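Single-structure report; data block below.
Please treat every number below as a calculation from the coordinates, not as lab data. Since we're looking at a predicted model, the values are computed, not measured. Cβ coordinates were reconstructed from backbone atoms using ideal geometry, including for glycine residues, and neighbour counts include every protein chain displayed.
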Amino acid sequence: MLLGLSKIMDCPGATVPFSTSVDLSDLQYGNSFPVTEPVTAQGQVRNTAGVLVMTGSVRTTIHGVCDRCATEFDREIEFPIDVVLVTELANEENEDEWVFPLEGDSADLDDIVRTVFVLNLDSKLLCKEDCQGLCCRCGKNLNDGPCSCQKELDPRFAALKQLLEK
Ligand SMILES: [Zn+2]
Ligand SMILES: [Zn+2]
């Protein structure tokens, strides 16, 4: 969706609200496509002393399989939008991933929402930030509590310990 901005282009202080929904179900994450629900975005574009600043948020519920504990999960996520819209991208040295070019007098909301979403996603898909994962020995999901595995001593250390005890 294109958001027309011609009416605030030359009008410092003016704002245009926006609200949209973008389909990112083609977004691949590892071997999965976790963004099965539409990604909604809302906020406003404000002409701040001649600079078009877009603020708002994107949100959705992702349905994935945790990279660490292999459990299926649903997780609501929300990312802030805080980007600058420019008529021309500055030269590469000043390039900033949070600056987007305008399409004529309009902002390409689909492109902005997709980019903000992708750049904010963590590199791992986790059921929760502090997922404990699985015990590498018994395979128990450590989010459900500690497992009964004892930390066995390395046999070399055990031998050394015996020597020291003598
Ligand atoms: Zn997990
Ligand atoms: Zn264990």
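Angle of helix 109-120 to the longest C-alpha principal axis of the chain, folded into 0 to 90 degrees and rounded to 10: 30°. If the chain linking Asp10 and Asn31 were pulled fully straight, counting 0.36 nm for each residue of separation and taking away their Cα-Cα distance, it would gain 2.9 nm. Just to verify a number: FRET efficiency for Asp74 and Ala49, C-beta to C-beta distance, R0 = 41 Å, to 0.05? Calculated value: 0.45.
Taking the C-alpha atoms only, the angle from helix 155-165 to the longest principal axis of the chain is near 50 degrees. Sorting the segments 98-111, 118-131 by their mean number of nearby beta carbons within 10 angstrom, highest to lowest, gives 98-111, 118-131. Once the range 2-131 is represented by equal point scatterers at the alpha-carbon sites, with solvent omitted, what log10 I(q)/I(0) does the Debye formula produce at q = 0.16, 0.22 Å⁻¹? At q = 0.16, 0.22 Å⁻¹ the computed log10 ratios are -0.81, -1.22.
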